[in-house]
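Below: one structure, written as C-alpha cells.
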Amino acid sequence: MSTYVLVPGFFFGPWVWEEAGRLLSDAGHEVRTVSLTGQGERAGEATPDVGITTHIADITDAIGDLDDVVLVLHSGATIAGTAAADRVPERLRHIVYVDTAPFPDGMAQIEFLPPEAQAEQRRQIEAEGQGWLLPTRPFDGDDQQRDPVSLAGLSERDLALMRGRASAQPAAMLLEPARRPAEIPDTPRTLIASTFTTEQVEAMVAAGLPAFSMLAGPGWTMADLPTGHWPMLSRPKELAELLSGI
C-alpha cells in the first residue's frame, strides 16, 4: 500500500479530493490532503505576503517525515508542488501531475496562458483583487457554456459545491516563478491528461514548447482520463483507480 499526498489546484481546499481520497483509503492506502495557506478552508489567511515559498512550506510540512510518498498535484499546484518535490526527493516514490505539468526554472504559471488571457488575468488582479488576489470563477451554467472543455463532466451539484467553496486565490501562485535546481531529481513522474490528450502532449514536447519541455526525456509515464479539468469531481473513481495503479 502507498501513501498519497493530494494537493488541490487554484481556488479550492482539500475538500475537492474527498471522494477520490476516500476511494484510495478504501483500497487500503494512506491519504493526506494539503490545505494551502490563503485558499479554500484557509482563505481567511490570505495576505499580500502569501507567496510560492508559503505553499512550498505547506506541502513539505504535509509530507513531513513520511517516506515512499506519491505526491499528486492538480493544476495550479504544479509550481509550488514541483519546487517542494525538488526539496525532498528522498521522501518521494512518485509525482503525479493531474491535467498539468512541471514548468522549467524561472517560468511562472501565467506564462502558460496566451497573451490576451495573461492581460485579462492581470486586469482582474488589479481591478477586482486589490492587486494581490486572483478572483475566483463563477462556476455556474453560463461559465460552463463559455468554457465547456475545462468544466466538462461536472454536474450541477458539482458546480454548486464549487461556487459555494471556491475562494479568491493569492495571485503570487500565478505570477511568481519558482527556482529549480541545476540537477533535477530523477523521481518517477506520471501525467494524467484530462482536457488534452497524451498525443497532444507528445506533440507539444516535440515542438519544444517551454511549458512542456520538462516532459522530455526518461522517467515519465502518461495516461489519458478524458473529462474536464477537475477529474477528482467528474470522474473520481477512474482517477482513484489510475492513482492506485501507480
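List of remarks:
- In the stretch 173-246, trypsin sites (Lys or Arg not before Pro) in a DSSP loop with at most 15 other beta-carbon atoms within 10 Å: 179
- Paired Rg and Dmax values of the stretch 175-219, which use every Cα atom, in angstrom: 12.0, 31
- Computed on the Cα atoms alone, the convex hull of the stretch 80-147 gives a volume of 141 cubic angstrom per residue.
- Its relative contact order, with pairs defined as Cα atoms under 8 Å and 6+ residues apart, puts the chain at 24 percent.
- Projected area, mean over directions - the chain, Cα convex hull, nm²: 12.4
- Taking 0.36 nm per residue of separation and subtracting the Cα-Cα distance, full extension of the segment from residue 147 to residue 53 would add 30.7 nm.
- Counted by neighbouring Cβ atoms within 10 Å, the residues 157, 122, 180 run from fewest to most as 157, 122, 180.
A short reminder: the numbers here are calculations on the coordinates, not readings from a lab. All values reported here derive from a predicted model rather than from experimental measurement. No Cβ is skipped: glycine too gets one built from the backbone with ideal geometry, and neighbour counts run over all protein chains shown.
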